[in-house]
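The values are calculated or read from the model by the stated rules, or taken from the named source; none is laboratory data. Note that this is a predicted model, so its numbers are computed, not measured. Neighbour counts run over all protein chains shown; Cβ positions are idealised from the backbone, glycine included.
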Amino acid sequence: MAINTTLTREVAGNLEAYFDFIEAEGFDKLIFGRLVDVPEEFAVSTAEFYRALRRIAEIKRARGLDHVEVGNLEAYTRAIAGKPDRVCTMFGSTCGSGFHNIIYMQREVYPCGRMFGQPEGVLGRYDEPLEHFPPHGRRSAIKAAAAAAPTAPAPAGPTA
């Protein structure tokens, strides 16, 4: 069974308790997203995110949880080897919107979840066939939405 957890500062500061929960409930796949585009007191910086991933790897190893897959650790390993996934910066990878991703949110399709609610970012409706969303169309929507959106700092890569 898999769980996708938003890595907040509170979760990052209580990883031992989080792993108690993971073991008690029998989860065998973990994915951690991080908060972005929120007030600074809630956000987890890229450096904090990677520190937490290192701590997650340590806890997993110390508890002998070899059967538990942490998707972010595999993505992190590929990123520092110079072969980053094109998934999402929220998951410790590089952005894949318009290349590999489309997001279905409230009956609309977007190239990225961060574009939700921006009319310029809407690619179409949830009930349209995938062929309706060719990659070049996705990239055009991304450019339009990015031009209309407030700028956010580009994420830094893994840091020590």
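Contact map, the stretch 48-77: first residue free of Cβ contacts under 8 Å to residues at least 40 places away in the same chain, second residue of a type in the set (S, T, N, Q), Cβ cut-off under 6 Å, separation 6 or more or different chains; pairs are Leu53/Asn72; Ala75/Ser93. Once the stretch 46-87 is narrowed to residues that are outside any helix (DSSP H, G or I) and either touching a strand residue (DSSP E or B) at 6+ places or on another chain (Cβ under 8 Å) or crowded, with 17+ Cβ neighbours inside 10 Å (or both), the residue that is modelled with the lowest pLDDT is Val87. Is it true that Leu130 is over 24 Å from Tyr18 (Cα atoms), outside the structural domain of Asp20 (by TED's automatic domain parsing) and modelled with pLDDT under 80? When the stated conditions are applied, Leu130 passes them.
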